[in-house]
Amino acid sequence: MLKRVVVTGMAGISPIGNSWQQVSARLKAQSTGIRFMRDWDKYVGLNTRLGAPADFVKPEHYSRKQTRSMGRIALMATYATELALIDAGLLNDPILSSGQMGIAYGSCAGSFEALIEFGNMLLNHNVNGLNATSYIRMMAHTAPVNIGLFFGINGRVYTTSSACTSSSQGIGYAYEAIKYGHQKLMVAGGAEELSASEAAVFDTLFATSLQESPEKSPRPFDSDRDGLVIGEGAGTLILEEREHARARGATIYAEIVGFGTNSDGLHVTQPDSKSMQTAMRLALQDAHLDASAIGYISAHGTATTHGDVAESHATAAVFGHHITISALKSFTGHTLGACGALEAWVAINMMNEGWFHATANLENIDPACAQLDYIKGGIRTLHCDYVMSNNFAFGGINTGLIFKRVTQ
């Protein structure tokens, strides 16, 4: 029998705060986390100067021994997971090391300081600077492995390193692991650290914002948008089999009822509206819902020309022109491997509180984008029972997640 899956713990590290209280205040005030990155002046040929750093330092109670295998990505992921486990009432619970709990967590890559250590070796033909933890900090699965080591979690591990869908795939695969009875609980999410090299990836594609004023960019779906801004952070959701959660009296924030993922098989960087539609429909099919049941959509909304247009038309094709939508990346920048988890965390909290944030900087909707009910100018009071969070990544990988409001 298929199991029902609920969210019993949530936490995030983001450019607009590291608690829901901080984040919600910034969203309501339309105060973004975008900053002018003066330090990037040293990179010859790098055009963008905007970034969205998180306010994060290593927690004082983390020892050197515990963190020697962690770069910034793994540190943020571990701390977000600690906060989520506390929220779920599971920190230090024996079930973490019972084999009944697993991890599905991702990032685009490992920490860049470790990559530099290997780059120095290759460029200068000298291994000075390498140490026993260099690879552990660099590897694509550094976040889930370090989470498992830190908390003693010994169930299955999924490493979801799929660019912008890393954490939404992590949540989706964690949901399926519980749904099909492989695990009772899962740590799910993703993380990313801010680096000029990641900004350069999009700079070479002419996809970054060249604005010099942090308060004016990014502008998803706006006719004056000029590209994305790179951010950083980590987001963790604790997923649990519903009956197990109810038996221990856990707070249930939402139920995950639908997950869809696919790839377009067409182009490594150009988004495809039809395959985006397919991912959304797959999530609806998994949830056994009509499109009309969804009350709000958390958009991927990167503020790139092709991405916004393709996403908006895919959304309209599936949900019609009256669906309410907004984009968190207008506040946080594109947090890459963390974005799906942060956007799910925010969407669930807003659903439970009955309001939804606007898309920051959205003033004039691009006529090339589909007609939708874009939230702009301030928060929208809205009661709905289902919200959807969509993400789309390089390689044509698409995800859709559907969360149901739970009345306890």
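Scanning for something exposed (fewer than 15 other Cβ atoms within 10 Å of the Cβ) and among the basic types (Lys, Arg), does the range 71-91 turn up at least one residue? For the range 71-91, residues exposed (fewer than 15 other Cβ atoms within 10 Å of the Cβ) and among the basic types (Lys, Arg): absent. Within the set of pairs 6 or more residues apart or between chains, which connect a residue that is open to solvent by 10 Å² or more (accessible area, probe 1.4 Å) inside the range 344-356 to a residue that is part of a helix (DSSP H, G or I) with Cβ atoms less than 6 Å apart? Once the first residue is open to solvent by 10 Å² or more (accessible area, probe 1.4 Å) and sits in the range 344-356, its partners that are part of a helix (DSSP H, G or I) give Asn349/Trp20. In the set (1) in a loop (DSSP other than H, G, I, E, B); (2) closer than 21 Å to Leu83 by Cβ, Ile13 fails one condition alone, (1). When Phe150 is tested against the conditions (1) buried (at least 22 other Cβ atoms within 10 Å of the Cβ); (2) touching a residue at least 40 places away in the same chain (Cβ under 8 Å), the lone failure is (1). If Glu198 satisfies all but one of (1) within 21 Å of Met70 (Cα to Cα); (2) crowded, with 24+ Cβ neighbours inside 10 Å, what's the number of the condition it fails? Unmet condition: (2).
Please count how many residues of the range 275-300 are touching a helix residue (DSSP H, G or I) at 6+ places or on another chain (Cβ under 6 Å) and among the hydroxyl-bearing types (Ser, Thr, Tyr). So the answer is 1. Looking only at the range 16-53, residues that are open to solvent by less than 10 Å² (accessible area, probe 1.4 Å) and either charged (D, E, K, R) or part of a loop (DSSP other than H, G, I, E, B) (or both) come to 4 in all. Listed by first and then second residue, the pairs linking a residue in the range 92-112 that is over 11 Å from Phe151 (Cα atoms) and open to solvent by 40 Å² or more (accessible area, probe 1.4 Å) to a residue that is among the small types (Gly, Ala, Ser) and outside any helix (DSSP H, G or I), with Cβ atoms under 7 Å apart and 6 or more places separating them unless they lie on different chains, are Gln100/Gly155; Cys108/Ser161. The listed residues are Ala338, Ala370, Ala303, and the only one of them that is part of a loop (DSSP other than H, G, I, E, B), over 16 Å from Pro218 (Cα atoms) and in contact with a helix residue (DSSP H, G or I) (Cβ under 8 Å, 6 or more places away or on another chain) turns out to be Ala370. Quick check on my filter: what residues within the range 320-335 are surrounded by 24 or more Cβ atoms within 10 Å (Cβ to Cβ), outside any strand (DSSP E or B) and of a type outside the set (A, V, I, L, M)? Listed by number, the residues that qualify are Lys329, Ser330, Phe331, Thr332, Gly333, Thr335. Do we find a residue being among the hydrophobic types (A, V, I, L, M, F, W, C), in contact (Cβ under 8 Å) with a residue 12 or more places away in the chain, surrounded by fewer than 24 Cβ atoms within 10 Å (Cβ to Cβ) and over 20 Å from Cys108 (Cβ atoms) anywhere in the range 169-191? No: the range 169-191 contains no residue that is among the hydrophobic types (A, V, I, L, M, F, W, C), in contact (Cβ under 8 Å) with a residue 12 or more places away in the chain, surrounded by fewer than 24 Cβ atoms within 10 Å (Cβ to Cβ) and over 20 Å from Cys108 (Cβ atoms). Are any residues in the range 377-408 open to solvent by 50 Å² or more (accessible area, probe 1.4 Å), in contact (Cβ under 8 Å) with a residue 24 or more places away in the chain and either farther than 25 Å from Thr335 by Cβ or in contact with a strand residue (DSSP E or B) (Cβ under 9 Å, 6 or more places away or on another chain) (or both), and if so, which ones? Ile379, Arg380, Thr381, His383, Asp385, Lys404, Arg405, Gln408 - these are the residues of the range 377-408 that are open to solvent by 50 Å² or more (accessible area, probe 1.4 Å), in contact (Cβ under 8 Å) with a residue 24 or more places away in the chain and either farther than 25 Å from Thr335 by Cβ or in contact with a strand residue (DSSP E or B) (Cβ under 9 Å, 6 or more places away or on another chain) (or both).
Those helices (runs of 4 or more DSSP H) of the range 55-137 in which 2 or more residues are touching an Asp or Glu at 6+ places or on another chain (Cβ under 6 Å) occupy 72-88. Sub-8 Å Cβ pairs linking a first residue in the range 196-209 that is within 13 Å of His306 (Cα to Cα) to a second residue that is in a helix (DSSP H, G or I) and open to solvent by less than 10 Å² (accessible area, probe 1.4 Å), at least 6 apart or interchain, are Thr208/Ala199, ordered by first then second residue.
Scanning the range 1-50 for residues that are over 23 Å from Phe356 (Cβ atoms), at pLDDT 95 or above and hydrophobic (A, V, I, L, M, F, W, C) turns up Leu2, Val5, Phe36, Met37, Trp40, Val44, Leu46, Leu50.
The values are calculated or read from the model by the stated rules, or taken from the named source; none is laboratory data. Predicted, not measured: the structure shown is a model, and the values here were computed from it. In this analysis, Cβ positions are derived from the backbone assuming ideal geometry, glycine residues included, and neighbour counts consider all displayed protein chains. All accessible areas refer to the heavy atoms of the entire protein, side chains included, with ligands and DNA or RNA removed. Shrake-Rupley method; radii C 1.70, N 1.55, O 1.52, S 1.80 Å.
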